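Some notes on the structure that comes next.
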Amino acid sequence: MKLEELATALGLPFEGEPSFQIRGLASLDDGGPSDLGFVTGAGYRELFQRSAIGVVIVPLDFDVEGRKCLRSIQPYADFARAVDQIMPDRHRPSPGVHPTAVLENDVELGADVSIGAYAVLGSGCMIGARSIIHPHVTLYPDVRIGEDCVIHSHACLREAVHLGNRIHVQNGAVIGSDGFGFAFRADGTQVRVPHRRGVEIGDEAEIGSNTTIDRSHPGHSRHGFEVTATRIGRAVKIDNQVHIAHDCVIEDGCTLCGQTALGGGTYVEKNVFFGGRSGAIRARVGEGSLIGGWTGVLQDTPPGSKLLGFPAIERGLWGRVTAALKRLPELLRRVRRIEKALEMDQSEQE
Amino acid sequence: MKLEELATALGLPFEGEPSFQIRGLASLDDGGPSDLGFVTGAGYRELFQRSAIGVVIVPLDFDVEGRKCLRSIQPYADFARAVDQIMPDRHRPSPGVHPTAVLENDVELGADVSIGAYAVLGSGCMIGARSIIHPHVTLYPDVRIGEDCVIHSHACLREAVHLGNRIHVQNGAVIGSDGFGFAFRADGTQVRVPHRRGVEIGDEAEIGSNTTIDRSHPGHSRHGFEVTATRIGRAVKIDNQVHIAHDCVIEDGCTLCGQTALGGGTYVEKNVFFGGRSGAIRARVGEGSLIGGWTGVLQDTPPGSKLLGFPAIERGLWGRVTAALKRLPELLRRVRRIEKALEMDQSEQE
Amino acid sequence: MKLEELATALGLPFEGEPSFQIRGLASLDDGGPSDLGFVTGAGYRELFQRSAIGVVIVPLDFDVEGRKCLRSIQPYADFARAVDQIMPDRHRPSPGVHPTAVLENDVELGADVSIGAYAVLGSGCMIGARSIIHPHVTLYPDVRIGEDCVIHSHACLREAVHLGNRIHVQNGAVIGSDGFGFAFRADGTQVRVPHRRGVEIGDEAEIGSNTTIDRSHPGHSRHGFEVTATRIGRAVKIDNQVHIAHDCVIEDGCTLCGQTALGGGTYVEKNVFFGGRSGAIRARVGEGSLIGGWTGVLQDTPPGSKLLGFPAIERGLWGRVTAALKRLPELLRRVRRIEKALEMDQSEQE
């Protein structure tokens, strides 16, 4: 693709030979003379100078030292858009229903929907325009999927799961499985608590591969407001192998990295970031909080919290504690030495 | 549904207008005048008084202050049963074999079994009466499933997995995958250790979505008793994304919350509770133990242990340790100050 | 099977009656007089003497005290081979393409390939000789699988995933799902970063059930060398529910136990061992390192590191720290007592 064509497609100003052919995409490290890369700021100056890359998407005020470039307010976001130009998705399924798909009679399909081989759509399902259901997807009855969604192979959406628009569900994700709840009978045996309410997922959410999200049960409540479904807000990004138990509510704009787990009824306010393998149990997590990797939140936290550790504590304190921990064996010895010097009783210690 | 009808269906005494129409289910927080909720004890008195809910299932001696109620020894268990009355499962598949299901000739099906679209049942499989095999379930050869089981879509049961009765397997669960074992050859390369023994699961067990349970290998042993299969006892409740390695034995009545992991050959005695993302490695966990969330058991523990942390320690001690941890940086400073006051050498510390 | 036949099949010297019938496989604990077991060294002498087992595979110099045996340089590896003789896999699918499999016209199949019921193979897929694709496997376009591979049911290989030879992929594994990457636009909304490069997996690798491995994105780089795909080396053994994010590189001979997680772009040198539920984030892990269970590596580590804890520290130090931790509450009291004795100010502590 020519530099000028790419600039036009992305709507960005460019510098350099308009007919220059861009052949690939790369990082500054890897890139060769015909590759396109990106620079997000001045911190990459040295790497930029060493790089053999041909063309870069750079901030408006970045000195390109004579190199070919496109200029952008958000170079990484525009690089992401450039990928679709230079390396388009050649494998996008065509619209149409594969002859092996099993659709109940009352299923409603929007315009240009694609339904892959062996997909199974239960009674009452509705699929919005241009959405893609890959092979081997199972939709239980009454699933509703909005427009421009992509549901990958082996994903399963259970009864009454409702998706908005432009949502990606990766392979093997399970949305709407029964919540984990059992009530003890008088004789000590247990009865399953039926989870009959659904899951609602907002526009532009992402659900990672083999992630599981449980449906809601009708007797659950928390935090004094109504919960009628497990609810994932708009643009919530959920990575692989995340576990979201029944009746969680995750407000708009949150990010949950790989293997994060939320216990039943967790309430997460807007724009919270959960690092890899973090989680929360019976807590309300305040807006804009930053939950570090491997961190477990066990109680309600105010907006803007920055937490690390298990149980979670304030991030700065956690850094000091973990640094001090390495010196704990030494500290024991020092206290013993002091006690000796003072001829104090050490009975408690041995 | 009328109050009197519900009371009859559940076999419970009731108070209030017999023909009162119950229209929904809710918690005390959410409930409106035509909803049914429940109260488990006196601790909910205040919430009960504030609630707008119409009917409640309450303990026998709970003062309902004139409200409509049903009386129960176990209100939560009876509420769970009420869900099936008020909000029945409308999506239960009908008995019969879908024409697209692939069954080997020697498969045996009990009365009123339901086999969904694209299910695959290998040679020698046996399905008990009234069990439901949802679409896209794969049963390898020689799988046996008892009566009244429900196997959800995309679950996979490998060779010689045997299930009892009234078991639920959620979507995407894998039961009987090969154990993770490799033996080193003299040249440093590895040979796979074939895991050819199966998995046995007792009546009324629950297997969560995307949970994995590995089969057994014939040279494995532990704890001086015979292990001939990975074994899950009666009424063991396993949540989503739990990982159970080869040759584990989990006795009756245990609960394993989401993302729990048991290393190969772990032995868990009866009625042990594992909190979310906990686990055990090469250990025998004593009867009735309570393993807290995120806790890792690394050695044999006596019956009734209450453990927290990694490595697991006694729960009370863990509470004191984590409280004290926050003060560790301060403690370092205090000891330094004491050493200064005593004019002691601080060489070890810097 | 006769002892002599087994010895011939395995190419091992034996002692005892050649026509002795071996009927089963067992450990020293469980074994009866007609079972075959193994002993790896002198440490099992006492167990060996107590055992009722009939035949054992033992090291060359092990005194069998008159028992029947086979002698081996690597008894456990030869026991693993013996399993295939005594307890062969009766369920190995036959070569051939099941009539319900959906193969695009340009799919290329090697000799004696087996394709199971409802498998879906996209355009451009190539399957090497003798490989087995179990029912309900989905291969997106351009997947290449080498010779003698086994892909179990419900596994999904996404666009342009390339496998070498003799690889096992367990059930429900997802290889090549989209990496988790989003770029912020100027207005605060996010754009998906398309991950269009594939995953490459070396000969004799093992991929556990419900494990997820993400594909690579073309702008990613790290560690100053080229990354053109998420790459899993030769003989890398990956257990169940492992999460490997986009653009990781795992060199030959590594082992990743259950639930391990590697963040995007992690670089793992040869022969590293990751214990259960361990992981690394933005790190280069040195050759031959031993990462303990539940351990999180947050920075580059030299070859041969032995680490434990979160954040990971040297193994010996971790042992001393966790031992000392139990005494931390006591230590606080002792320091307070010293301060009292010295009549020092304790203002900081309360």
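Take the residues in region B:118-144 that are in a strand (DSSP E or B) and within 20 Å of B:E204 (Cα to Cα), then tell me which one is nearest to the other protein chains (Cβ to nearest Cβ). Among those residues, the one meeting the criterion is B:L139. Only a single criterion out of (1) closer than 23 Å to A:C156 by Cα; (2) at pLDDT 95 or above; (3) surrounded by fewer than 18 Cβ atoms within 10 Å (Cβ to Cβ) is not satisfied by B:G110, namely (1). Among the residues of region A:1-26, the one identified as small (G, A, S), within 14 Å of chain C (Cβ to nearest Cβ) and closer than 17 Å to A:S72 by Cα is A:G11. The residues listed here are B:R166, B:R185; of these, the one that is over 12 Å from the mean Cα position of the chain (by Cα), modelled with pLDDT of 95 or more and of a type in the set (K, R) is B:R166. Reported count of residues in region B:63-100, each being over 29 Å from the mean Cα position of the chain (by Cα) and of a type in the set (F, W, Y), is 0.
For region A:50-79, a residue qualifies if it is within 13 Å of chain C (Cβ to nearest Cβ) and loosely packed, with under 15 Cβ neighbours inside 10 Å, and the qualifying residues are A:R50, A:A52, A:L60, A:I73. Kindly indicate the residue of region C:256-274 that is buried (at least 22 other Cβ atoms within 10 Å of the Cβ) and within 14 Å of chain B (Cβ to nearest Cβ) and also farthest from A:V242 (Cα to Cα) among those meeting that condition. Checked region C:256-274; the qualifying residue farthest from A:V242 (Cα to Cα) is C:F274. Check region A:79-87 and report whether any residue there is more than 30 Å from A:G116 (Cβ to Cβ) and in contact with a Pro (Cβ under 8 Å, 6 or more places away or on another chain). Looking for residues that are more than 30 Å from A:G116 (Cβ to Cβ) and in contact with a Pro (Cβ under 8 Å, 6 or more places away or on another chain), one finds none in region A:79-87, hence no.
In the set (1) crowded, with 18+ Cβ neighbours inside 10 Å; (2) not in a strand (DSSP E or B), the condition left unmet by A:Q299 is number (1). Set side by side, the residues A:A129, A:A119 differ, and just one is buried (at least 24 other Cβ atoms within 10 Å of the Cβ), outside the structural domain of A:S209 (by TED's automatic domain parsing) and either in contact with a His (Cβ under 9 Å, 6 or more places away or on another chain) or of a type outside the set (D, E, K, R) (or both), which is A:A119.
All of (1) in contact with a helix residue (DSSP H, G or I) (Cβ under 6 Å, 6 or more places away or on another chain); (2) open to solvent by less than 10 Å² (accessible area, probe 1.4 Å) hold for B:R185 with one exception: (2).
If you go through region C:29-49 and pick out every residue that is out of contact with any Phe, Trp or Tyr (no Cβ under 6 Å at 6 or more places or on another chain) and within 12 Å of chain B (Cβ to nearest Cβ), you end up with 9. For region C:308-329, the set of residues classified as facing another protein chain (nearest Cβ under 7 Å), in a helix (DSSP H, G or I) and open to solvent by 40 Å² or more (accessible area, probe 1.4 Å) consists of C:R320 only. Could you go through region B:145-154 and let me know if any residue there is within 12 Å of chain C (Cβ to nearest Cβ) and part of a strand (DSSP E or B). Checked region B:145-154: no residue is within 12 Å of chain C (Cβ to nearest Cβ) and part of a strand (DSSP E or B).
Checking each residue in region B:330-350 for being at pLDDT below 85 and more than 7 Å from chain A (Cβ to nearest Cβ) picks out B:D345, B:Q346, B:S347, B:E350.
Residue-by-condition table, conditions (1) charged (D, E, K, R); (2) at pLDDT 95 or above:
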| position | (1), (2) |
| --- | --- |
| C:G16 | no, yes |
| C:R23 | yes, no |
| C:G41 | no, no |
| C:Y44 | no, no |
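Filter region A:80-117 down to residues that are within 14 Å of chain C (Cβ to nearest Cβ) and touching a Cys at 6+ places or on another chain (Cβ under 9 Å), then give me how many there are. Final tally of qualifying residues: 0.
Looking across C:T260, C:T255, C:T295, one residue alone is of a type in the set (S, T, Y) and farther than 21 Å from B:G179 by Cβ. It is C:T295. Here B:I167 clears all of (1) facing chain C (nearest Cβ under 9 Å); (2) closer than 30 Å to A:F182 by Cα; (3) open to solvent by less than 10 Å² (accessible area, probe 1.4 Å) except the condition numbered (1). The set of residues in region C:278-290 being open to solvent by less than 10 Å² (accessible area, probe 1.4 Å) and within 14 Å of chain B (Cβ to nearest Cβ) consists of C:S278, C:G279.
The values are calculated or read from the model by the stated rules, or taken from the named source; none is laboratory data. Predicted model only: the values in this text are computed from it and were never measured. FYI the Cβ positions are ideal-geometry reconstructions off the backbone, even for glycines, and counts take in every protein chain you see. To get the accessible areas, we keep the full protein, side chains included, count just its heavy atoms, and leave off ligands, DNA and RNA. Shrake-Rupley method; radii C 1.70, N 1.55, O 1.52, S 1.80 Å.
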